[in-house]
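The values are calculated or read from the model by the stated rules, or taken from the named source; none is laboratory data. What you see is a predicted model; the values in this text were computed from it and never measured. FYI the Cβ positions are ideal-geometry reconstructions off the backbone, even for glycines, and counts take in every protein chain you see. With ligands, DNA and RNA removed, areas are computed over all heavy atoms of the protein, side chains included. Shrake-Rupley method; radii C 1.70, N 1.55, O 1.52, S 1.80 Å.
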Amino acid sequence: WRSVIGSRSHAVPNSSVMVVVGGVTRLTESGLSMVDWQPVRGVRPPRSDAEWRAAFDAYKQYPEYAQRRDMTLDEFKRIYFWEWAHRVL
């Protein structure tokens, strides 16, 4: 029973984190900011300025961007982070 109880005690905090990250993703309207999702080949976010600009340019091609045309690259990085965290968890 100890192993069953021990494994379940980790499920509640992990579920809570997932709910919080999902809520923040929804509230910040971050969903669908990752237009190129490749879970098998790799889930790392962009690292260089060129990669960030390419990801942002790809996002600009989607309808979600039409609602936020005044978004800056830094704002995009914030919503991308929440969407990335939501998908990786």
Among the residues that make up segment 9-32, is at least one of them in contact with a helix residue (DSSP H, G or I) (Cβ under 9 Å, 6 or more places away or on another chain), at pLDDT below 75, outside any helix (DSSP H, G or I) and of a type in the set (A, V, I, L, M)?
yes
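Of everything in segment 60-89 that's assigned to a helix (DSSP H, G or I) and farther than 29 Å from Ser16 by Cα, which residue is least open to solvent (accessible area, probe 1.4 Å)? Full working, then the answer.
Step one: filter segment 60-89 for residues assigned to a helix (DSSP H, G or I), giving 63-66, 73-88.
Next, only the ones that are farther than 29 Å from Ser16 by Cα stay: 63, 65-66, 73.
Numbers: Pro63: 94, Tyr65: 27, Ala66: 55, Leu73: 50 Å².
Residue satisfying both the conditions and the ranking: Tyr65.
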